[in-house]
Amino acid sequence: MTAPAKRPEPPVFEPVKQNRNFEVVVQVVREKMMRGELKPGDKLPPERELAKQLDVSRNVVREALRILENAGLVVTRKGAYGGAFVSEGTATQMSQVLSDLIMLNAIKLSDLFEARTLLLEMILDQIKKRGTIPDLTALDANLVETEEAVTARDSARRVAVARDFYHQIAALTGNTALVYTTDAQTELTQTFLQFRIGDMAPEVLLNSRRNFVEHLRAGRVDEAKEELRAHLDRVHTGLWERS
C-alpha cells in the first residue's frame with residue numbers, strides 16, 4: 001500500500017522590521033503568493049503563530065487577514081479544521097474592480113458592453129484559427145439547461161445558465177485568463193442589468209442559443225459570431241434602453 005504523499009511544510013514568515021502595520025503584513029502574504037510559497041488551498045499559520053513570526057500584534061494580523069479575505073485572496077473557515085486558507089480564486093475579484101471603476105465613472109457602461117462583445121468575438125476568432133470543430137458537449141448541456149429554465153419560468157436559473165453559457169464559450173480556448181475575464185464581465189453585466197430588464201422572450205433566447213451552437217458545430221464560426229453579436233446587442237442595447 002502506497003503511503004500518502006507528505007504535504008510540504010508551511011512557509012515561515014520573517015519578522016516585519018519596519019512599518020509594523022497591517023498593510024505591510026498584507027504585502028508580505030501577497031509576495032509569498034507571487035513567489036509560489038503559498039498556493040491555492042494552503043493553510044496559513046494560526047493567528048497567534050503568524051503574529052509571532054511577523055513580530056506584530058494579533059490585532060494587526062487579524063486586520064491584515066480581513067483585508068486579504070475582502071480581496072478574495074484568503075478564505076477563513078470555522079471549526080476544528082478551520083483557519084485562514086489561500087483562496088482558489090474566482091472572477092468576483094475582477095468584477096468588483098470593474099464595478100468600482102464604473103461607480104467612479106471611470107468606465108462607462110456602454111464601454112463595458114462593447115468590451116464584452118469584442119472579447120467574445122476575439123475568443124471566437126481564436127477558435128476559428130484552429131480550424132477544427134471544438135468539443136461542444138458543455139454548450140449542448142447548457143442549451144438543455146436553458147430550455148428547462150425557460151420552461152419552468154425560473155429567472156434565477158436563467159441567469160445562472162446564461163453565465164455558464166459565456167463561461168463555456170471562453171473555456172473552448174483553454175485560456176484561463178480569457179475565462180476569468182469573460183466571467184468577470186458577464187457577472188458585472190448581469191449585476192447592472194438585473195434591476196433594469198425583464199427576461200428576454202423565451203423563443204428569441206432559445207433560437208439564438210440553438211443557432212449559435214449549430215453554427216459552431218458546422219464550422220461556421222463567422223455566422224456564430226454574428227449570431228452572438230446580435231444577441232448581445234439585444235441584451236446590451238434593446239433591453240437596456242427599453243427599461
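The values are calculated or read from the model by the stated rules, or taken from the named source; none is laboratory data. Note that the structure is predicted; figures quoted are calculated from it, not measured. Positions of Cβ are backbone-derived with ideal geometry, glycine not excepted, and every protein chain shown enters the neighbour counts. Areas reflect the complete protein model, heavy atoms only, side chains present, ligands, DNA and RNA absent. Shrake-Rupley method; radii C 1.70, N 1.55, O 1.52, S 1.80 Å.
Looking only at the stretch 106-118, decide whether some residue is in a helix (DSSP H, G or I), under 18 Å from Leu232 (Cβ atoms), at pLDDT 95 or above and open to solvent by 30 Å² or more (accessible area, probe 1.4 Å). Taking every residue of the stretch 106-118 in turn, at least one turns out to be in a helix (DSSP H, G or I), under 18 Å from Leu232 (Cβ atoms), at pLDDT 95 or above and open to solvent by 30 Å² or more (accessible area, probe 1.4 Å). Among the residues of the stretch 45-96, those identified as of a type in the set (Lys, Arg), over 29 Å from Thr189 (Cα atoms) and in a helix (DSSP H, G or I) are Arg48, Lys52, Arg58, Arg62. All of (1) within 19 Å of Gln93 (Cβ to Cβ); (2) surrounded by fewer than 15 Cβ atoms within 10 Å (Cβ to Cβ); (3) of a type in the set (Val, Ile, Thr) hold for Val29 with one exception: (2).
Quick check on my filter: what residues within the stretch 40-65 are open to solvent by 70 Å² or more (accessible area, probe 1.4 Å) and touching a helix residue (DSSP H, G or I) at 6+ places or on another chain (Cβ under 8 Å)? Arg48, Arg58, Arg62 - these are the residues of the stretch 40-65 that are open to solvent by 70 Å² or more (accessible area, probe 1.4 Å) and touching a helix residue (DSSP H, G or I) at 6+ places or on another chain (Cβ under 8 Å). The condition (being part of a helix (DSSP H, G or I), open to solvent by 70 Å² or more (accessible area, probe 1.4 Å) and touching a residue at least 24 places away in the same chain (Cβ under 8 Å)) is satisfied by just one residue among Arg158, Arg163, Arg209: Arg163. Among the residues of the stretch 72-105, those identified as over 23 Å from Asp183 (Cβ atoms), open to solvent by less than 70 Å² (accessible area, probe 1.4 Å) and either within 13 Å of the chain's Cα centre (by Cα) or free of Cβ contacts under 8 Å to residues at least 40 places away in the same chain (or both) are Thr76, Gly79, Gly82.
For the stretch 215-224, indicate whether the set of residues that are open to solvent by 60 Å² or more (accessible area, probe 1.4 Å), assigned to a helix (DSSP H, G or I) and modelled with pLDDT under 95 is non-empty. No, because not a single residue in the stretch 215-224 is open to solvent by 60 Å² or more (accessible area, probe 1.4 Å), assigned to a helix (DSSP H, G or I) and modelled with pLDDT under 95.
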